[in-house]
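One structure is given here, and the rest of the page talks about it.
The values are calculated or read from the model by the stated rules, or taken from the named source; none is laboratory data. From a predicted model like this one, the values you see are computed outputs, not experimental measurements. So basically every Cβ, Gly included, is an ideal-geometry build from the backbone, and we count neighbours across all protein chains shown. The protein model used for the area step is the full one, side chains on, heavy atoms only, and it has no ligands, DNA or RNA in it. Shrake-Rupley method; radii C 1.70, N 1.55, O 1.52, S 1.80 Å.
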Amino acid sequence: AQSVTQPDIHITVSEGASLELRCNYSYGATPYLFWYVQSPGQGLQLLLKYFSGDTLVQGIKGFEAEFKRSQSSFNLRKPSVHWSDAAEYFCAVGATNNNDMRFGAGTRLTVKP
Amino acid sequence: EAQVTQNPRYLITVTGKKLTVTCSQNMNHEYMSWYRQDPGLGLRQIYYSMNVEVTDKGDVPEGYKVSRKEKRNFPLILESPSPNQTSLYFCASSLWAPTSGRPGTQYFGPGTRLLVL
């Protein structure tokens, strides 16, 4: 079965600084990769997904992620963080031919003024 | 508006008192799923359903039941809740297109916070 590791439990960045959240996956076949964001008291919202094609994926709210098969990674980036980006971010991996999805433990982002 | 709804949003109960958390989606999705979210563990799947009358266990099914009598609804039942089921629960739904080989993007409800005393 597939699995996901998010090495950073908590990250703090200053407003306006760049951001990179790490995600490593384990799956023997073609992975289907997702990033979700969970704002305080809210459900999960899809930021972006990778199924195939261009390895640099653009999402909502100015986020992007790059799929690197050689590193089994799907890191999320944003060039300039806004205070409203403070939230918890989850990476997830889906499998071929089923809807089974595995989530990482999440990375909590704090944004300093 | 396309959405997944859950009720109740907050629930405090006592050990052993049966409860049901409802989940409904208006997107005609085949696939529905229940997750629990615990600090440091992310989301873990409890049960899922590929379509009406088709359900299967996820990673942490013990102590839970589900049913899928209608396409839009997927209630989660705790027959005899225990304190270790205190958690934040999410329902999700997605399209399921097995011929594509690709998973559907899952859409999540707002969550139900459960406290079992």
Per the filter on region B:1-31, residues under 18 Å from B:ALA92 (Cβ atoms), in a loop (DSSP other than H, G, I, E, B) and small (Gly, Ala, Ser) are B:ALA2
Of the candidates A:VAL13, A:VAL4, A:VAL37, the one satisfying the condition of being open to solvent by less than 30 Å² (accessible area, probe 1.4 Å), within 11 Å of the chain's Cα centre (by Cα) and within 17 Å of A:VAL111 (Cβ to Cβ) is A:VAL37
Reported set for region B:78-117 where residues are open to solvent by 30 Å² or more (accessible area, probe 1.4 Å) and more than 14 Å from chain A (Cβ to nearest Cβ) is B:GLU79, B:SER80, B:SER82, B:PRO83, B:ASN84, B:THR86, B:LEU115, B:LEU117
Note on A:ALA95: of the conditions (1) among the hydrophobic types (A, V, I, L, M, F, W, C); (2) touching a Leu at 6+ places or on another chain (Cβ under 7 Å); (3) surrounded by 19 or more Cβ atoms within 10 Å (Cβ to Cβ), unmet is (2)
Subset of region B:32-71, residues open to solvent by 60 Å² or more (accessible area, probe 1.4 Å), in a strand (DSSP E or B) and away from chain A (no Cβ under 14 Å), comes to B:LYS65
Note on A:ALA65: of the conditions (1) open to solvent by 30 Å² or more (accessible area, probe 1.4 Å); (2) touching a residue at least 12 places away in the same chain (Cβ under 8 Å), unmet is (1)
Criterion first (surrounded by 18 or more Cβ atoms within 10 Å (Cβ to Cβ), in a loop (DSSP other than H, G, I, E, B) and at pLDDT below 95) does A:ALA105 satisfy it?
yes
Expected output for region B:48-59 (first residue of a type in the set (D, E, K, R), partner outside any strand (DSSP E or B), Cβ below 8 Å, 6+ apart or cross-chain) is B:GLU53/B:ARG68; B:GLU53/B:LYS69
When (1) assigned to a loop (DSSP other than H, G, I, E, B); (2) open to solvent by less than 40 Å² (accessible area, probe 1.4 Å); (3) within 14 Å of chain B (Cβ to nearest Cβ) are applied to A:PHE90, the one that fails is (1)
Filter region A:47-57 for residues that are within 13 Å of chain B (Cβ to nearest Cβ) and part of a loop (DSSP other than H, G, I, E, B); the one that is least open to solvent (accessible area, probe 1.4 Å) is A:PHE51
- Task: Considering every residue within region A:72-80, establish whether at least one is closer than 20 Å to B:ARG102 by Cα and of a type in the set (Lys, Arg).
- Result: no
